[in-house]
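The values are calculated or read from the model by the stated rules, or taken from the named source; none is laboratory data. Quantities reported herein were computed from a predicted structural model and do not represent experimental measurements. Cβ placement follows ideal geometry from the backbone for every residue including glycine, while neighbour counts extend to all protein chains displayed. The protein model used for the area step is the full one, side chains on, heavy atoms only, and it has no ligands, DNA or RNA in it. Shrake-Rupley method; radii C 1.70, N 1.55, O 1.52, S 1.80 Å.
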Amino acid sequence: MSDTGLNNDDMFSGVPLHRQLGLTDEEHEAVVALLGRAPSDEELAMYAVMWSEHCSYKSSRTHLRRLPTEAPWVLVGPGEGAGVIDVGDGLAVAIRIESHNHPSAVEPYQGAATGVGGIIRDIFSMGARPIALMDPLRFGRLDDPRVRYLFEGVVAGISGYGNAVGVPTVGGEVMFDESYRDNPLVNVLCLGVLPQERMVLARAEGEGNLAVLLGAATGRDGIGGASVLASAGFEEGDDEKRPSVQVGDPFEEKKLIEACLALLEAGLAVGVQDLGAAGISCAASETAANAGAGMDLDVARVPRREPGMTPVEVLTSESQERMLAIVTPENLDEVIGLCDRWEIRSAVVGRVTDTGRFRVFNGTFDALGVAGSNPPPPGGEQALIPDSDRAPVADVPAGSLGDGPVYDRPLAPPADRDAVAADDPAPRLRAAPGTNDDCSNELLALLSIPDIADKSWVWHQYDHQLFLNTVVGPGHDAAVLRLEGTQRGLALSTDGNARFCRLDPRTGARLTVIEAARNVACTGAQARALVNCLNFGNPEHPEVMWQFSEVVDGMREACVALGIPVVGGNVSFYNESDGSDIDPTPVVGVVGVIEDLAEPPPQTALRPGVSIVVLGETAEETGGTQWARSHGLDGGRPPAADLGRAAALHDLLVDVVGRPDVVAVHDCSDGGLAVALAEMAITGGVGFTVDLDAVPVAAVGSAGADSGDAVPTGALCFAESASRVILGVEPSGVDEVLELAAGAGVPGALVGHTDATEGAARLVARRSGGGGFDVTLDAATEAWRRPIPDAVGADLAPRV
């Protein structure tokens, strides 16, 4: 062990140090060629974390360039701490999504909690006040004790941090599949609002300006945390990675939020960046490289909470609740005073140069008279004696750390692709007993699948009313937030469907974008921006890279067709366990603007005495559906992703949802038409009667039916055809709503009505020739509400 804290002896059976740190032999040779010499241990450690998959995007960058990122309202696109869009009246919205998958698999509470803390810092580093969180989550089957441990720990971590820091969690997703048994997905989205003039970027501009570290002291927790954990798969015995998981402190974060926003409001910062993956080595070098400048950093200036920390450990620690602010020497005293008022640490750790180099020193700044001083060493450790002649421990081109290798990895479709596509479940579902006559038991079974079942056990643990800006919270198609000081609102949704992407990644990605945009449109909002979190297996597997490339192309096609720019995102590779890759799981977040939020938009719940209108057509499209999976059928093709039909429906919804006679809206997705109707009835506490023969049907489905009449009852109830929405409409408004739909080219029909009163009721849907379902509201409610509380041994969440 060297005095830098790295193993460069034979403790690892002769494994070279660069391999221990995750660099390949070729990457190590590239570092040597770039520097013209062998790197120091400190330099090698920085290149290892900065060139990791998580930080460098070395396998995905060549594909991500194909995504559309521009629109007149985009102020900041990919590459900064968050994407930023103009929402009018001098206001802007910052939005970002990230993954904390690997840390959460090792330590679920802290992994999830620090994922929340990190995404919040990304938002306020832009000058925005964070006002909403969303958490799309994926786990294995709930009958597995370890999965329940991960599930409960992650939910507790999200609620523990988010509630304490004071940012409401307004929605998200929770899905369960064996693919995620050992590798859960914990994706976190945050949205913030800012005056446009307060926006700041991660730029270390101005020779002689100072880099001030704000927030918590640095410890050994999180050394190589996100950057290392997220750049390799999991194998047996990986609990030893637990020390690499960061530890969060939401109360420190709350003070940091207020101090940083006050600093930016006062115009005291030239640039700001949070310390996330790769710690201060990333934040300091990246801010310098972004401005075409250099940076000198003195690790002796970094406040530490553990004795004996080496420069390598200080440089690569991912301890939480830390920010780097670039300030002028003239403003330093005011910055320190502001930090003192908010009771957060501040320390001058660097200075901007014009050299274009990132140089790291250990104990020279005090001797050179740089503003500030070395902090007291922790735990009685002997203080370092300043020395102006001490050579740097690292001296590299600032941009080289962020300009890592770019790989164009081999692509190959899975060997069973054609066989899976040909394995259409429709014929077997047609032939299965009870699937096309009385579908009542099929409906109750689908309502009890954890993917579909009530998630209120999860979101009742989240405070979703902080700031009192939440108009529509969890449990609906999209969250709705007031845009304070205006008549407008924001709609926000996250969506993903790995079942479809496994069958056809390109179509699955298109369907994912369509669904998120449809959910936003169900509030009357026009989609304005998309962020993505692309969760995949090992990029060294050609099948994974083929899936990734196909998903990017599908996402590009959908975003172009719908006019939604991609303003940011995250790629999470190496989601695998013991060599088995997860299913491709792109998750997207879409934000939209509601022009007039004078009244809350209609929500999911049906009311007594209203008409039920279906917009969009149903086809016999059963590949990848929850219905097919419930019968053990996992092949076929996903539903068609007609982008023109999607755009027409979304535009129609923006016009229709604001009408006073439209009182309920819900999109059709998991479980199809029958499940969507049941959810609307359960949340409204009212029964309905529906004529299934009136439901608009497509001429051709996945089974090759030659007319809409051939769509069997089971598929009519449970197919997951895209671009369908159910409306609850006052009877007096039905004709006009259907006229608007016809004018927009969207198929629509009056299919039924709700009961005149609440109370003991039935959910009834029939065809004239027989077939359909008839269940009591109580039975449907019980089936839908109990599965998750029963799985975790909890009481039912209170109804709201």
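Can you pull out the helices (runs of 4 or more DSSP H) entirely within region 709-788 that have at least 2 residues that are open to solvent by 40 Å² or more (accessible area, probe 1.4 Å), assigned by TED's automatic domain parsing to the domain that holds Ser611 and modelled with pLDDT of 95 or more?
It comes to 734-743, 777-785.
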| said: Just checking, does region 431-450 include any residue being at pLDDT 95 or above, open to solvent by less than 40 Å² (accessible area, probe 1.4 Å) and within 30 Å of Leu483 (Cα to Cα)? | reply: no
| request: State all residues of region 655-700 that are open to solvent by 10 Å² or more (accessible area, probe 1.4 Å) and part of a loop (DSSP other than H, G, I, E, B); if no residue qualifies, say none. | output: Gly658, Arg659, Pro660, Asp661, Ser669, Asp670, Gly685, Pro696, Ala698, Ala699, Val700
| remark: Within region 180-212, the residues that are in a strand (DSSP E or B), in contact with a Ser or Thr (Cβ under 7 Å, 6 or more places away or on another chain) and closer than 30 Å to Phe365 by Cβ are Val212
| query | Inside region 488-506, can you point out the residues that are in a helix (DSSP H, G or I) and either buried (at least 24 other Cβ atoms within 10 Å of the Cβ) or hydrophobic (A, V, I, L, M, F, W, C) (or both)? | reply | Ala498, Arg499, Phe500, Cys501, Leu503, Pro505
| request: Please find, within region 379-397, the residue that is most open to solvent (accessible area, probe 1.4 Å) out of those that are hydrophobic (A, V, I, L, M, F, W, C) and over 39 Å from the mean Cα position of the chain (by Cα). | output: Ile385
| query | What strands (runs of 3 or more DSSP E) completely inside region 236-329 contain at least 3 residues that are under 21 Å from Ile119 (Cβ atoms)? | reply | 271-274, 322-327
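Quick one: which residue in Gly14, Gly83, Gly88, Gly22 is surrounded by fewer than 20 Cβ atoms within 10 Å (Cβ to Cβ) and touching a strand residue (DSSP E or B) at 6+ places or on another chain (Cβ under 9 Å)?
Only one candidate passes the filter, namely Gly88.
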| remark: Out of (1) in contact with a helix residue (DSSP H, G or I) (Cβ under 6 Å, 6 or more places away or on another chain); (2) open to solvent by 50 Å² or more (accessible area, probe 1.4 Å); (3) under 23 Å from Met46 (Cα atoms), the one Ser400 does not meet is (2)
| query | Hey, any hits in region 132-144 for a residue that's under 24 Å from Ala71 (Cα atoms) and crowded, with 24+ Cβ neighbours inside 10 Å? | reply | yes
| field | Residue in region 427-471 that is nearest to Arg488 (Cα to Cα), counting only those that are within 22 Å of the chain's Cα centre (by Cα) and among the small types (Gly, Ala, Ser) | value | Ser456
